[in-house]
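Working notes, beginning with the structure itself.
The values are calculated or read from the model by the stated rules, or taken from the named source; none is laboratory data. Quantities reported herein were computed from a predicted structural model and do not represent experimental measurements. All Cβ positions, glycine included, derive from the backbone under ideal geometry; neighbour counts span all protein chains shown. Just so you know, the surface numbers come from the protein's heavy atoms only, side chains and all, with ligands and any DNA or RNA stripped out. Shrake-Rupley method; radii C 1.70, N 1.55, O 1.52, S 1.80 Å.
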Amino acid sequence: SQYQYIKTETRGRVAIVTLNRPKALNALCTPLMTELNTALKAFDQDANIGAMVLTGSEKAFAAGADIKEMSTLNFVDNFKNNFIEDWTGVTKIRKPIIAAVNGFALGGGCELAMMCDLIYAGDRAKFGQPEIKLGIIPGAGGTQRFTQAVGKAKAMHMVLTGDMMTAAEAESAGLVAKVYPADQLLETAIKNAETIAGYSLPSVMMAKELVDASFEMPLAQGLLFERRLFHALFATKDQKEGMAAFAEKRAPKFTHE
Ligand code: HXC
């Protein structure tokens, strides 16, 4: 493989990226993040891929940014190098990414999962933003995306105490879309990704773009953007095919154009 810290495979139109740094519970060192960005970008540009699944191991999705690597950093270098900025590469991917989280998703690991479009969790998963215990704070969305997902009360509790949240708590708080038995998580996530990848890619990409836009836009602008893209999708062959297939009581054959 061309990668040291991740593994990649494809199943039909689904790409699976597995964080693979088991000795450090998938701590997100810089070379790992570089590889991850490279792999996700390549799949984003691959016409044969319609959705991606990002996962870790049974023990850990990722236990955070690499504490040993960070321990000697200083402010001026962080500032000049814009430390962590490259992580935003994940949020620039235009096809859907499902995070399948087993085990620990802590600190930067939780933030990485939240950069994905939806999170499915194994029933023994644990989420947390424990940075406060290290004398720092979350740096890649833990104070922002977490708060948007679960609201102020739970976000404040998690960010200020560093406590962990179980999968069941994360689901009821709205961080996680669904919880599955740990040993069925990855297969189910891939199955759901196959379902998504089977739909017309332009409609899937626009749906993702619009849900994300709802966090950035006032409601009237968001609704207008939605209506315009809704109008636009009637220019695709897949819209004609999807509606013809319904009328003819058969499965649609989307060609993603
Ligand atoms: C570097 C890490 C690591 C991390 C675990 N390891 N987490 N190394 N960075 N974030 C390493 C350990 O040092 C150890 O290596 C090996 O992985 C196994 O970990 P253990 O601690 O022995 O396992 P366990 O006792 O099962 O405890 C699991 C754990 C604990 C509760 C997840 O490892 C832990 O608390 N990790 C740190 C979690 C954390 O604080 N994350 C936030 C990081 S800050 P050795 O060599 O000793 O065997 C952050 C900032 C983000 O993410 C900022 C923006 C991106």
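Residues in region 1-29 that are in contact (Cβ under 8 Å) with a residue 40 or more places away in the chain and farther than 15 Å from residue 63 by Cβ: 11, 12, 13, 14, 16.
Checked against (1) over 15 Å from the mean Cα position of the chain (by Cα); (2) of a type outside the set (Ser, Thr, Tyr); (3) part of a helix (DSSP H, G or I), residue 58 passes all but condition (3). Selection over region 88-114 of residues that are more than 12 Å from residue 52 (Cα to Cα) and open to solvent by 20 Å² or more (accessible area, probe 1.4 Å) gives a count of 7. Applying the condition of being more than 10 Å from the ligand (Cβ to nearest atom) and farther than 8 Å from residue 25 by Cα to region 58-73 and asking which residue is least open to solvent (accessible area, probe 1.4 Å) yields 73. Restricted to region 74-115, and to residues there that are charged (D, E, K, R) and away from the ligand (no atom under 14 Å from the Cβ), the residue that is farthest from residue 21 (Cα to Cα) is 80. Checking the structure you have, find out if any residue of region 38-45 is under 26 Å from residue 170 (Cα atoms), of a type outside the set (Asp, Glu) and within 15 Å of the ligand (Cβ to nearest atom). Looking for residues that are under 26 Å from residue 170 (Cα atoms), of a type outside the set (Asp, Glu) and within 15 Å of the ligand (Cβ to nearest atom), one finds none in region 38-45, hence no. Each residue in region 207-246 was checked for being closer than 17 Å to residue 91 by Cα and aromatic (Phe, Trp, Tyr), and 1 of them qualify. Here 257, 216, 171 are screened, and the one residue that is charged (D, E, K, R), in a helix (DSSP H, G or I) and open to solvent by 30 Å² or more (accessible area, probe 1.4 Å) is 171.
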